[in-house]
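Visitor: This structure is in C-alpha cells; I'll ask about it shortly.
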Amino acid sequence: MKTPFHVMLIPTLGCPSRCRYCWSSDVNSPRMSIDTIKDVVAWMKDLKDNQVTFTFHGGEPLLAGADFYREALPLLAEGLPHLDPAFAIQTNLWLMTPEIADVLAEYNIPVGSSIDGPKEINDLQRGEGYFDKTLKGYKIAREQGLDVRFICTFTSESVERKEDIFRFFLDNGLTLKLHPALPSLKASEPEKYALAPEKFGELLVYLLDMALEHFGEIEIMNINDLCRCVFTRHGNVCTFADCMGSTFAIGPDGSIYPCYRFVGMPEWVMGNVADKPSIEELMSSGAGRKMLAFKDYVDKNCGGCAHIRYCRGGCPYNAIAPSGGEICGVDPHCPAYKRIFDEINDRLNTEMFEAPAVDMYAFSSKRKKKSGPGVMSLIQDMAFNRF
Ligand code: SF4
Ligand code: SF4
C-alpha cells in the first residue's frame, strides 16, 4: 500500500485571534498568491503518483478570502486529476461567510476547527470573544452543509478541568479530538502552557475510559486512532508513522517545509515550489537530512520498545524543532504514548484471553454476566464505520 501523500497549504501565518499558547501565528506574514498555487500544480504534476490530500492551514487560512479559494480549488483539482486530490481545512471559523462556505461545500471539504471546551475555559485560553465568534462561523458552515469537527487543546491549566471539558463535548454532541499544548518556541516562557507528558498520558487513559463508558454517544478521534494503531500494529496518523517524504507544507511564499509546524522557520526550508524540486532534492536539503536522521535515530533508540512499529518515535517536530534540529531524543511525549499503548495492549489482551472461543455457557445458567464495551468494541465499531 502506498503511503498517503499530504500537502499542507499555508496561505498566511497571520491570524485575527491571539490564543495564549499559540506558537505559529505571525502578524507580519504575507499572503499566498494564486501564482504560487499555479507553481504548486506545476511542481506536483510529475512529483508522485499517489493520491494527495491538501490541507489548508495557518495561521488562519480564511484570511485568504473567498476569491482565493474560488480560484485555487479548481486549479488544484483540475490541474492534478491523476492525484485524485482531496481537501481539508483547519480554521477558527471567525471569518466564515456563506460565500466561502459555498465554495468549500462545492468541493465537499471537511472543516477542522478549534474550541477548548465551555466558553469560560475556552475564552480564558484563546481570548475573550473567541467562543462566540467561532460558534457564529460554525453555524454558517453547518447551514451550507459542511462537516465541522473541533480540536480541543489541553494546556497545563485546562487539563485540571478535563471532566468539564469532556462533558461539554458530550452534551453538545461534538466529536472530540484532543491536542496537547506544545511549547511555544516564540514565547518568553515556552513551557508555560505546554501539557506535561505525564499529564498527557493520564488524560489519554481518562479519555479511553470515557470512550468506553459513553460508548456510542461520542467519538473521541485520538482514542480510536490509538486503538487502531495497536490493533493493526501500524501507525495510521502522522504522529505514529514516518511522515518524512510523504508530508510537506507550502508557506505563503512557496517555500517548502517538512510540515506546517515548521512554516516560518527559515532553517527548515527545503526548497521552493517555483524551482520544482524532486522528492530526492527536498530530502537531501539540510531540513530533509535532519528529518531522515530522526528516522534512523528512532530505529536505533526505540528498537527495544514494544510499540515501535506503530509509534515510530512520535512527532519529529516535537523531538527536534525545540533543539534547533539537534537530535537529543525522541518526541518528549514518549511517556504518554507508552502509557496509553500499554493500557490499550493490556486491555486488549485481557479481553481476548477472557473471551471464550465458543460460548460454552450460552444455554447454561452459569452464563457469564455481560461486561460493558471494551477496546474490541471500539475497534469493531470503527470497522463498521459507525462514526
Ligand atoms: S512533523 Fe509531526 S505533526 Fe508534522 S506531519 Fe510529522 S508527525 Fe505530523
Ligand atoms: S513509545 Fe517512546 S520508546 Fe516507544 S517507540 Fe514511541 S517514542 Fe519510542
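The values are calculated or read from the model by the stated rules, or taken from the named source; none is laboratory data. As the structure is a computational prediction, the values presented were derived from the model and not from experiment. So basically every Cβ, Gly included, is an ideal-geometry build from the backbone, and we count neighbours across all protein chains shown.
Visitor: Any chance you could count how many residues in the range 279-311 are surrounded by 17 or more Cβ atoms within 10 Å (Cβ to Cβ) and either touching a Leu at 6+ places or on another chain (Cβ under 8 Å) or over 21 Å from H6 (Cβ atoms) (or both)?
Guide: From the range 279-311, those surrounded by 17 or more Cβ atoms within 10 Å (Cβ to Cβ) are 282-283, 285, 287-288, 290-291, 294, 297-298, 302, 307, 310-311; that's our starting set.
Filter again for either touching a Leu at 6+ places or on another chain (Cβ under 8 Å) or over 21 Å from H6 (Cβ atoms) (or both), leaving 283, 288, 297, 302, 307.
Residues in the range 279-311 being surrounded by 17 or more Cβ atoms within 10 Å (Cβ to Cβ) and either touching a Leu at 6+ places or on another chain (Cβ under 8 Å) or over 21 Å from H6 (Cβ atoms) (or both): 5 in total.
Visitor: While we're here: Give the number of residues within the range 245-254 that are more than 17 Å from K48 (Cβ to Cβ) and surrounded by fewer than 22 Cβ atoms within 10 Å (Cβ to Cβ).
Guide: 2
Visitor: So which residues in the range 88-110 are without any contact (Cβ under 8 Å) to a residue 40 or more places away in the chain and under 10 Å from Q144 (Cβ atoms)?
Guide: E99, I100, V103, E106
Visitor: Can you tell me which residue among R233, R289 is at positive phi, over 18 Å from the mean Cα position of the chain (by Cα) and either away from ligand 2 (no atom under 16 Å from the Cβ) or basic (K, R) (or both)?
Guide: Just one listed residue meets the conditions, R233.
Visitor: Scan the range 304-339 residue by residue and report those that are within 11 Å of ligand 1 (Cβ to nearest atom) and either of a type in the set (A, V, I, L, M) or over 19 Å from G245 (Cα atoms) (or both).
Guide: Within the range 304-339, A319, I320, A321, H333 qualify.
Visitor: Which one of these does N222 not meet: (1) within 16 Å of ligand 2 (Cβ to nearest atom); (2) over 21 Å from Q90 (Cβ atoms)?
Guide: Result: N222 fails condition (2) only.
Visitor: Just need a number here: residues in the range 319-357 that are more than 10 Å from ligand 2 (Cβ to nearest atom) and on the phi < 0 side of the Ramachandran plot. Spell out how you get there, then give the answer.
Guide: Start the filter on the range 319-357 by keeping residues that are more than 10 Å from ligand 2 (Cβ to nearest atom), which leaves 320-328, 343-357.
Okay, now just the ones that are also on the phi < 0 side of the Ramachandran plot, so 320-323, 326-328, 343-357.
Total meeting the criteria: 22.
Visitor: Considering only the range 235-268, state which residues are within 13 Å of P4 (Cα to Cα) and either of a type in the set (D, E) or not in a loop (DSSP other than H, G, I, E, B) (or both).
Guide: Listed by number, the residues that qualify are C238, D242, M244, T247, F248.
Visitor: Right, here's the next one. Could you check I250 against (1) at pLDDT 95 or above; (2) within 16 Å of ligand 2 (Cβ to nearest atom) and say which number it fails?
Guide: (2)
Visitor: Please determine, by comparing only the residues of the range 223-251 that are in contact with a Lys or Arg (Cβ under 6 Å, 6 or more places away or on another chain) and more than 11 Å from ligand 1 (Cβ to nearest atom), which one is nearest to L182 (Cα to Cα).
Guide: Among residues in the range 223-251 that are in contact with a Lys or Arg (Cβ under 6 Å, 6 or more places away or on another chain) and more than 11 Å from ligand 1 (Cβ to nearest atom), the one nearest to L182 (Cα to Cα) is N236.
Visitor: So A42 passes all but one of these: (1) surrounded by fewer than 19 Cβ atoms within 10 Å (Cβ to Cβ); (2) touching a residue at least 40 places away in the same chain (Cβ under 8 Å); (3) in a loop (DSSP other than H, G, I, E, B). Which condition number does it fail?
Guide: (3)
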